[in-house]
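Structure first, commentary second.
The values are calculated or read from the model by the stated rules, or taken from the named source; none is laboratory data. A quick note: this is a predicted structure, and the numbers were derived from the prediction, not measured. Note: ideal-geometry Cβ built from the backbone for every residue, glycine included; neighbour counts use all protein chains shown.
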């Protein structure tokens with residue numbers, strides 16, 4: 001089984017080492033000093049007091065890697081959009097593409113089986129670049145729960161977690177998902193198949209859409225955001241708005257709002273990914289986490305005053321700091337293109 005990790009950062013690199021250790025034929029797309037270090041010394045993973053070094057083909061150019069059975073896209077949402085047109089050399093007729101981004105995916109309405117089937121989310125795929133260059137029929141949906149960090153070029157430290165959610169957009173139980181799950185299990189990871197991966201996407205997004213921007217705007221850690229009365233109430237109201245939207249489009253939630261917030265509070269003094277990005281001067285992943293929810297709300301006819309307010313503040317903060325990568329404008333008539 002040939003698997004390419006497109007974006008061998010912290011999570012992508014962690015997956016690559018574990019998959020390689022489990023016997024998969026793994027290759028990497030990376031860049032900069034991280035790529036150079038991998039090419040010279042292999043990719044090192046620090047996990048459970050152990051150092052694992054795996055050597056595997058790595059390049060910034062997909063043409064050097066060639067066709068794959070699976071391409072796991074482990075980039076942030078805006079980077080995945082930028083890179084969609086570069087993936088062609090990795091594809092053969094049956095190549096599956098695993099979308100491992102946070103937030104609502106560009107293919108969300110593909111295979112949904114509703115009046116909105118085939119609607120294209122412009123907030124995460126303006127101009128339908130991913131829809132055209134990858135194609136929704138190739139997609140396997142994924143949710144990513146581990147945490148890891150690059151501590152120096154070519155060296156990744158695993159922080160916690162080894163669970164991944166997997167599922168077909170059309171809710172089928174496919175052989176390609178089963179084979180990928182087996183490869184993950186062989187590497188010591190814990191995949192879980194979902195009849196509808198969208199439900200798990202929403203459970204993860206439910207917290208990210210409020211805790212991330214609120215923490216980035218305030219500088220507060222997760223435990224403070226989830227327990228201070230004002231920010232807790234704001235997060236709760238954003239989550240209620242999001243739940244109404246999600247359920248309108250057919251999603252279901254296996255926990256309630258209070259349990260989800262309490263779970264976040266129990267994590268402790270964690271600095272959310274968006275807060276870390278702001279602190280380190282990196283682009284924030286705002287459109288996939290929040291603009292996309294606003295877009296779905298507009299499609300369903302919902303008013304979202306809490307989401308709208310926090311999104312506007314976070315967007316302006318990002319613009320002022322130069323950390324909000326904006327997509328090109330798309331003409332309104334492109335927004336309702338059906339498949």
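Quick look at the numbers
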| quantity | calculated |
| --- | --- |
| Residue that is nearest to residue 122 (Cα to Cα), among those in the range 318-339 that are at pLDDT below 95 and crowded, with 16+ Cβ neighbours inside 10 Å | 335 |
| Residue 104 vs. criteria part of a strand (DSSP E or B), crowded, with 17+ Cβ neighbours inside 10 Å and touching a helix residue (DSSP H, G or I) at 6+ places or on another chain (Cβ under 9 Å) | no |
| Residue 123 vs. criteria outside any helix (DSSP H, G or I) and surrounded by fewer than 17 Cβ atoms within 10 Å (Cβ to Cβ) | no |
| Residue within the range 168-181 that is outside any helix (DSSP H, G or I) and under 30 Å from residue 52 (Cβ atoms) present | no |
| One residue from 93, 51 being within 26 Å of residue 190 (Cα to Cα), in the same structural domain as residue 146 (by TED's automatic domain parsing) and not in a helix (DSSP H, G or I) | 51 |
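Conditions (1) modelled with pLDDT of 95 or more; (2) at positive phi; (3) surrounded by fewer than 15 Cβ atoms within 10 Å (Cβ to Cβ); (4) part of a helix (DSSP H, G or I), marked per residue:
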| residue | (1), (2), (3), (4) |
| --- | --- |
| 233 | yes, no, yes, yes |
| 239 | yes, no, no, yes |
| 254 | no, no, yes, no |
| 291 | yes, no, no, yes |
| 316 | yes, no, yes, yes |
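Yes/no matrix, rows are residues, columns are (1) surrounded by fewer than 17 Cβ atoms within 10 Å (Cβ to Cβ); (2) within 20 Å of the chain's Cα centre (by Cα); (3) touching a residue at least 12 places away in the same chain (Cβ under 8 Å):
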position: 243; (1), (2), (3): no, yes, yes
position: 260; (1), (2), (3): no, yes, yes
position: 271; (1), (2), (3): yes, yes, yes
position: 274; (1), (2), (3): no, yes, yes
position: 279; (1), (2), (3): yes, no, no
position: 285; (1), (2), (3): no, yes, yes
